[in-house]
1. Could you count how many residues in the stretch 234-274 are of a type outside the set (Phe, Trp, Tyr) and farther than 16 Å from residue 299 by Cα?
2. Of all residues in the stretch 263-285, how many are hydrophobic (A, V, I, L, M, F, W, C) and either free of Cβ contacts under 8 Å to residues at least 12 places away in the same chain or open to solvent by 50 Å² or more (accessible area, probe 1.4 Å) (or both)?
3. Take residue 105 and decide whether it is without any contact (Cβ under 8 Å) to a residue 24 or more places away in the chain and more than 16 Å from the chain's Cα centre (by Cα).
4. Quick check on my filter: what residues within the stretch 153-174 are at pLDDT 80 or above and surrounded by 15 or more Cβ atoms within 10 Å (Cβ to Cβ)?
5. Residue 235: in contact with a strand residue (DSSP E or B) (Cβ under 9 Å, 6 or more places away or on another chain), without any contact (Cβ under 8 Å) to a residue 40 or more places away in the chain and open to solvent by 20 Å² or more (accessible area, probe 1.4 Å), yes or no?
6. Could you check the stretch 215-230 and list, in sequence order, the residues that are closer than 18 Å to residue 188 by Cα and either among the basic types (Lys, Arg) or in contact with a Cys (Cβ under 8 Å, 6 or more places away or on another chain) (or both)?
7. Considering the stretch 185-205 alone, what residues qualify as being modelled with pLDDT under 90 and open to solvent by 70 Å² or more (accessible area, probe 1.4 Å)?
Amino acid sequence: MKIKIRRILYVCLALLMLINGVTGCGRHREPKEGETALYYINAEGTDLVKEAYKITGDSRNSRIRYALKSLKKEPDTIEYKSAFQNHTAVKSWSVTAGKMDLHLNDAFGKMNTTSRLLLEAAVVQTLTQIDGVGYVRFYQENKPVKDEHGKPEGYLCAADFVQNTGSSLHSYQSADLLLYYANAKGDKLKEESVKVRYDSNTALEKVIVEQLVKGPEDASEYPVISQDTEILSVSTKDGICYVNLDEECQNTKYKIDPRLSIYAIVNSITANGAAGKVQILIGGKANVQYQGSINLNKPFSADPAIVEEEQ
């Protein structure tokens with residue numbers, strides 16, 4: 001009888017250990033390279049936590065629906081929780097040309113600043129893993145979400161937020177940038193002022209190039225670099241900023257003067273960063289021509305004459 005009772009106790013103990021392994025500390029698993037993940041917030045509500053998770057679906061939209069539903073659900077652990085707190089919920093969403101508009105309910109506006117930022121970070125980091133989603137713009141009901149200065153946040157990408165689990169929000173900073181995009185005619189550059197949040201460990205010059213790839217907020221302006229362009233590296237030495245892009249930068253969706261693509265990069269970097277000149281490389285090479293017409297074999301200085309005068 002004693003042996004039987006002891007066996008029952010061992011079984012109960014084993015079950016408790018199994019349950020603890022599922023719901024306790026042992027459950028968390030960092031995604032391996034190439035794996036997708038869901039982003040949560042830690043128990044203290046101060047940082048992001050990513051958990052390996054397969055985002056399934058037979059189409060882009062079905063994967064988005066699956067990811068949003070999974071993000072809203074509380075995980076089976078006390079180590080971290082869903083970023084959707086205090087009855088915050090998604091009301092509707094749509095995606096056009098890789099840019100997603102996500103409408104949240106009024107509960108979003110009742111969250112404190114840190115909680116709102118973490119929710120945005122968790123959603124953007126999760127959804128931009130899905131092919132066909134590069135950027136997310138948030139709305140509270142039907143009104144664009146504004147930053148701490150009262151300006152619309154615009155479209156956000158993964159680089160705008162925490163990149164590594166455990167990174168502090170306080171290691172991020174804001175900057176007001178003067179960027180250049182193509183005008184409606186495609187023959188001049190047009191100024192656009194934007195405010196961005198970025199990792200203080202990331203060079204401002206790289207942030208500038210990322211914003212140019214992201215594209216303008218103003219509908220009357222055109223992108224100057226393909227959104228499929230990969231930024232291979234950005235570095236500054238002896239007053240020259242070296243911007244290394246992949247071959248995709250040679251392709252542009254809109255008919256614009258090729259010079260605009262070059263000088264959008266040059267004028268934007270020299271207007272905001274410490275560099276006085278910009279050397280553009282494609283695939284690590286400078287002895288190439290951009291779109292068959294512009295030699296990239298030497299650094300460029302800013303050209304104010306190519307900028308459209310304000311009316």
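1. We begin by selecting, within the stretch 234-274, every residue of a type outside the set (Phe, Trp, Tyr); these are 234-241, 243-253, 255-262, 264-274.
Narrowing further to those that are farther than 16 Å from residue 299 by Cα: 246-253, 255-258, 272.
Going through the stretch 234-274 one residue at a time, the tally reaches 13.
2. 2
3. Numbers: without any contact (Cβ under 8 Å) to a residue 24 or more places away in the chain: no; more than 16 Å from the chain's Cα centre (by Cα): yes.
So residue 105 does not fit the description; no.
4. 153, 154, 155, 156, 157, 158 - these are the residues of the stretch 153-174 that are at pLDDT 80 or above and surrounded by 15 or more Cβ atoms within 10 Å (Cβ to Cβ).
5. Yes; evaluated as a whole, the condition is true for this residue.
6. 225, 226
7. 201
So that you can scan it fast, the table gives a plain yes or no per residue for (1) touching a strand residue (DSSP E or B) at 6+ places or on another chain (Cβ under 7 Å); (2) open to solvent by less than 50 Å² (accessible area, probe 1.4 Å); (3) not β-branched (Val, Ile, Thr):
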site: 212; (1), (2), (3): yes, yes, yes
site: 217; (1), (2), (3): yes, no, yes
site: 229; (1), (2), (3): yes, yes, no
site: 255; (1), (2), (3): no, no, yes
site: 306; (1), (2), (3): yes, yes, no
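The values are calculated or read from the model by the stated rules, or taken from the named source; none is laboratory data. Since we're looking at a predicted model, the values are computed, not measured. Heads up, the Cβs are rebuilt from the backbone with ideal geometry, glycines too, and the neighbour counts pull from every protein chain shown. Note: areas computed on protein heavy atoms with side chains; ligands, DNA, RNA excluded. Shrake-Rupley method; radii C 1.70, N 1.55, O 1.52, S 1.80 Å.
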